[in-house]
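So the structure is just underneath, and the comments pick up after that.
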Amino acid sequence: MLTGHEIRDRIARRETSALEITKRSIDAVAASEPELRAYLTLTPEYALARAAEIDARLARGEDCGPLAGVPVAIKDLFCTQGVRTTSGSKILANFVPPYSATVVAKLESAGAVMIGKTNMDEFAMGSSCENSGFHPTRNPWDLSRVPGGSSGGSASTVGARGVPIAVGTDTGGSIREPASFCNIVGVKPTYGRVSRYGMIAFASSLDQAGPMTADVRDAAIVLEAIAGLDPMDSTSADVPVPHYEDALRDDLRGVKVGIVREFESSISGDAAMSSLYKEAYAALVRLGAELVEVSLPHAKYGLATYYLIAPAECSSNLARYDGARYGVRVSDGGDVYQMFERTRAAGFGPEVKRRIILGTYALCSGYYDAYYVRAQKVRTLMKQDFDTAFSACDVIACPAVSCPPFELGAKSDPVAMYLMDYFTIPMSLAGIAAMSVPAGYVDGLPVGLQIAAPAFEEGRMLGVAHAYEQSTRFAWARAPKVGAA
Amino acid sequence: MTDVPIDIAHVAKLARIALTHDESAAFTAQFAKLFGYIEELQALDVTHVSATAQVIPIMNVMRDDIIRDCLDRAAALANAPDTSGPYFKVPRILE
């Protein structure tokens with residue numbers, strides 16, 4: 001499978017058609033799906049009809065957008081009008097949205113062709129895709145390993161090149177960690193950069209949608225297509241959306257890259273990971289960047305802060321699943337309160353229940369100030385850490401993950417799973433832009449480099465990632481076990 | 001391990017989730033480990049720090065008070081587990 005921009009260009013030159021590309025993508029996904037199980041719903045008929053319509057419009061000379069005819073996969077957390085949307089939960093097993101998320105509507109008006117809805121940890125709570133209410137997804141690089149999560153299905157199918165482009169969502173690392181695990185590019189934009197309208201909410205002050213793509217150029221194109229102010233989301237920012245492709249650069253002369261002292265000391269215990277990241281920083285220097293040491297003294301409190309704020313917000317957001325208006329209902333002849341309790345007991349999986357209980361507790365009268373408000377104050381300190389760091393550097397380069405993809409079942413202890421987000425949570429709490437770009441292999445398994453930039457400086461971040469990607473080309477160096485390079 | 005201050009049965013009732021005995025027991029053990037991390041926050045002096053509820057400086061977003069299109073009733077009711085005419089139907093609330 002080609003990248004999204006290669007497909008776009010070939011269709012524009014009439015070397016192929018949207019229909020031919022879409023058929024090829026549907027076939028590639030059908031071939032890999034028995035092993036990967038990256039999708040919860042496939043929409044081949046819808047995709048073929050869309051592709052034919054785009055070909056017809058192109059034949060009439062119409063401009064069909066920057067993604068005309070490009071197959072995309074959509075995380076099953078984005079509402080898609082008329083297409084079942086579950087957020088990976090049994091409680092929404094039968095939910096068919098009456099409207100589409102703004103991200104989906106914008107991708108479609110940019111010409112993209114949706115071929116299916118991807119698997120995920122239930123309500124985006126997890127880092128391995130094993131918490132899906134339906135089935136786990138496998139990593140195309142090693143079928144005994146997880147694709148990461150929560151956007152694991154999107155990462156897996158792009159990693160196997162079933163599609164060149166998917167969208168995911170990131171609350172504490174749910175785009176960046178699976179991108180690292182599946183050897184793809186994953187971008188978590190600044191909070192407010194992309195509308196959350198029609199995204200099934202997990203933690204509303206943290207959730208953000210972003211591209212998961214074969215290369216950095218595709219990420220730039222997709223981000224431009226989905227970003228911007230949306231009257232339907234009052235937290236979307238009124239900040240102009242640049243043409244991100246213009247920001248892609250081939251050298252890093254004059255760029256100051258911050259290396260985080262605390263993160264380096266934390267990864268230093270793992271010789272293979274540490275040496276991979278040292279080599280990544282050396283590659284940035286060879287491109288002309290200057291490295292400067294920066295400090296994020298409160299980053300070590302990230303996990304504690306996140307696991308108060310995110311569950312608190314989740315307990316509030318998920319109160320809506322009560323069996324009354326949509327989704328599954330379990331009533332068994334009881335009263336309305338029994339209906340609520342039974343519906344939620346049957347519909348939610350263990351991780352979702354765990355976080356609702358934790359979050360409800362953090363918001364309880366008597367504990368609210370000690371836990372929730374204190375966590376919000378530490379969040380302020382973390383944001384200030386980044387402000388100080390970015391006064392000394394243009395972007396930060398750091399690990400995206402502490403390890404390559406792990407085996408299914410390896411992190412059965414919830415706290416061990418939570419620790420997977422150690423390097424990604426601080427950026428989420430600060431609301432800044434961050435991404436993962438392929439950085440090489442440890443034991444033959446992919447590992448990503450995280451690049452972070454100040455709020456609304458996605459162009460700067462993508463520019464650095466592009467120079468690094470084009471000079472290293474790790475994503476093209478090897479082929480996954482399932483799918484093509 | 002840290003002592004878990006949570007009365008899980010009480011919180012589960014507030015959260016309206018019927019937990020099994022096994023779930024409650026598992027959560028108690030898991031929260032004990034997690035609270036080992038969470039309690040680290042108590043060591044920080046945050047007396048003069050303001051809370052961050054959200055990170056971008058957007059407040060009080062207004063729009064003109066005009067009627068706009070909304071979902072029609074049939075679409076809004078289409079996913080309901082039970083309906084009665086134009087209403088969502090739920091078990092009896094008042095005796």
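The values are calculated or read from the model by the stated rules, or taken from the named source; none is laboratory data. The shown structure was predicted, so the numbers you read here are calculated from the model rather than taken from an experiment. Note: ideal-geometry Cβ built from the backbone for every residue, glycine included; neighbour counts use all protein chains shown. Note: areas computed on protein heavy atoms with side chains; ligands, DNA, RNA excluded. Shrake-Rupley method; radii C 1.70, N 1.55, O 1.52, S 1.80 Å.
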When Cβ neighbours within 10 Å are restricted to other protein chains, what is their mean count per residue of peptide B:35-45? 6
Only bridges with both residues in chain A count here: give the DSSP antiparallel percent, nearest 5. 65
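Within the set of other residues whose C-beta is less than 14 Å from the C-beta of B:Pro86, count the net charge using Lys and Arg as +1 and Asp and Glu as -1.
Working: positive: A:Arg325, B:Arg73, B:Lys89; negative: B:Asp72, B:Asp82.
Local charge sum for B:Pro86: +1.
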Based on Cβ point charges of +1 for Lys and Arg and -1 for Asp and Glu, what charge dipole magnitude is obtained for segment A:301-373 about its Cα centre, in debye rounded to the nearest 20? 200
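Under unit Cβ charges (Lys, Arg +1; Asp, Glu -1), what dipole magnitude, rounded to 20 debye, does chain A have relative to its Cα centre? Numbers along the way, then the final one.
Values: 47 positive and 54 negative charges, 100 e Å.
Dipole of chain A, to the nearest 20 debye: 480 debye.
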Along segment A:159-164, what does the Karplus equation 6.51 cos²θ - 1.76 cosθ + 1.60 (θ = phi - 60°) give for ³J(HN,Hα), rounded to whole Hz, x for Gly and Pro? x, 8, 6, x, 9, x
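Stretch A:Glu62-A:Ser412 to full length: gain in nm at 0.36 nm per residue minus the Cα-Cα span?
Details: separation 350, 0.36 × 350 = 126.00 nm, distance 5.24 nm.
Net length gain for the segment: 120.8 nm.
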For labels at A:Ala346 and B:Ile58 in the simple 7 Å Cα→Cβ model, what's the distance in nm? 3.8
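Hey, what did segment A:92-219 get for relative contact order, percent, Cα under 8 Å, at least 6 apart?
Numbers: 272 pairs, mean separation 29.5, N = 128.
Normalised by residue count, the contact order of segment A:92-219 is 23 percent.
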Could you let me know the centre-to-centre spacing of segment A:327-367 and segment A:169-234, using Cα atoms, in angstrom? 29
Dipole-positive endmost among A:Ala439, A:Leu462, A:Pro98 within the protein assembly as shown (Cβ charges, Cα centre): A:Pro98
Charge dipole (chain A, unit charges on Cβ, about Cα centre) - positive-most of A:Ala397, A:Ala225, A:Ala312: A:Ala312
Over chain B, relative contact order from alpha-carbon pairs under 8 Å, at least 6 apart, %: 21
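Within the set of other residues whose C-beta is less than 15 Å from the C-beta of A:Gly483, count the net charge using Lys and Arg as +1 and Asp and Glu as -1. Intermediate values should be presented prior to the final figure.
On the way: positive: A:Arg24, A:Arg37, A:Arg138, A:Arg145, A:Arg161, A:Arg478, A:Lys481; negative: A:Asp27, A:Glu33, A:Glu35, A:Asp142.
Net of charged neighbours comes to +3.
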For chain B, what class follows from the C-alpha gyration tensor (a ≥ b ≥ c being the square roots of its eigenvalues): rounded when a/c is under 1.5, otherwise prolate if a/b is larger than b/c, else oblate? oblate
Under the rule of at least 5 residues apart or a separate chain, name every residue whose amide H is placed under 5 Å from the amide H of A:Gly168. A:Gly210, A:Met212
Could you do me a favour and compute the accessible area per residue for chain A, 1.4 Å probe, result in Å²? 30
Angle between chain B longest axis and helix B:21-38 axis [Cα atoms, degrees, rounded to 10]: 60
What is the Cα centroid distance between segment A:441-468 and segment A:381-417, reported in whole angstrom? 13
Over chain A, calculate the relative contact order: mean separation of alpha carbon pairs under 8 Å at least 6 apart, over the residue count, as a percent. 18
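Going by the alpha-carbon gyration tensor, a ≥ b ≥ c the square roots of its eigenvalues, is segment A:228-328 rounded (a/c under 1.5) or, if a/c is not under 1.5, prolate (a/b greater than b/c) versus oblate?
On the way: a/c = 2.88, a/b = 1.53, b/c = 1.88.
Oblate, since a/c reaches 1.5 and b/c is not below a/b.
Pop the C-beta distance of B:Ile66 and A:Asp387 into the FRET formula with R0 = 60 Å and round what comes out to the nearest 0.05. Numbers along the way, then the final one.
Numbers: r = 40 Å, r/R0 = 0.66.
Approximately 0.90, to the nearest 0.05.
Grab the Cα-Cα distance for A:Ala479 and A:Ala272, subtract it from 0.36 nm times how many residues apart they are, and report the gain in nm with one decimal. Walk me through the intermediate numbers first.
Values: separation 207, 0.36 × 207 = 74.52 nm, distance 2.09 nm.
Residue separation times 0.36 nm, minus the Cα-Cα distance, leaves 72.4 nm.
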How long is the gain from B:Glu39 to B:Asn79 if the chain were fully straight, where each residue apart is worth 0.36 nm and the alpha carbon distance is subtracted? 10.2 nm
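Identify the trypsin sites (Lys or Arg not before Pro) of segment A:1-66 meeting these criteria: DSSP loop state and at most 13 other C-beta atoms within 10 Å of the C-beta.
Working: sites: A:Arg8, A:Arg10, A:Arg13, A:Arg14, A:Lys23, A:Arg24, A:Arg37, A:Arg50, A:Arg57, A:Arg60; in loops: A:Arg13, A:Arg14, A:Arg37, A:Arg60.
Passing both the DSSP loop test and the Cβ count: A:Arg13, A:Arg14, A:Arg60.
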In chain A, with Lys and Arg counted as +1 and Asp and Glu as -1 at Cβ, which of these residues, A:Leu248, A:Gly65, A:Pro34, has the Cα nearest the positive end of the dipole, that is, farthest along it? A:Pro34
Can you give the helix-only mean residue ellipticity at 222 nm for chain A, where every DSSP H stretch with n ≥ 4 adds -39500 (n - 2.57) and the sum goes over all residues, rounded to the nearest 500 deg cm²/dmol? -12000 deg cm²/dmol
Could you tell me the calculated FRET efficiency between B:Phe88 and A:Arg14, based on Cβ-Cβ distance and R0 = 41 angstrom, to the nearest 0.05? 0.20
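How well do other chains shield peptide A:354-367, expressed as the mean number of their Cβ atoms within 10 Å of each residue Cβ?
On the way: counts 6, 0, 6, 12, 9, 2, 9, 11, 3, 2, 5, 0, 1, 2.
Average per residue, whole number: 5.
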Per residue of segment A:378-390, in order, report the coupling 6.51 cos²θ - 1.76 cosθ + 1.60 (Karplus, θ = phi - 60°) as ³J(HN,Hα) in whole Hz, putting x for Gly and Pro. 5, 4, 4, 4, 5, 5, 5, 3, 5, 4, 5, 4, 6
Between segment A:29-61 and segment A:108-141, the Cα center-to-center distance that results, in Å: 16
Nearest 20 debye, what's the magnitude of the dipole of chain B about its Cα centre given +1 on Lys and Arg Cβ and -1 on Asp and Glu Cβ? 380
Which cross-chain or sequence-distant (5 or more) residues have an amide H under 5 Å from the amide H of A:Gly116, H modelled 1.01 Å from N in plane? A:Thr43, A:Ile74
What list of ³J(HN,Hα) values in whole Hz, one per residue of segment A:397-412 in order, does the Karplus curve 6.51 cos²θ - 1.76 cosθ + 1.60 (θ = phi - 60°) give from phi, with Gly and Pro shown as x? 10, 7, x, 8, 9, 8, 7, x, x, 9, 6, 4, x, 6, 10, 6
Taking each residue of A:374-383 in turn, how many C-beta atoms of other protein chains fall within 10 Å of its C-beta, and what is the average? 6
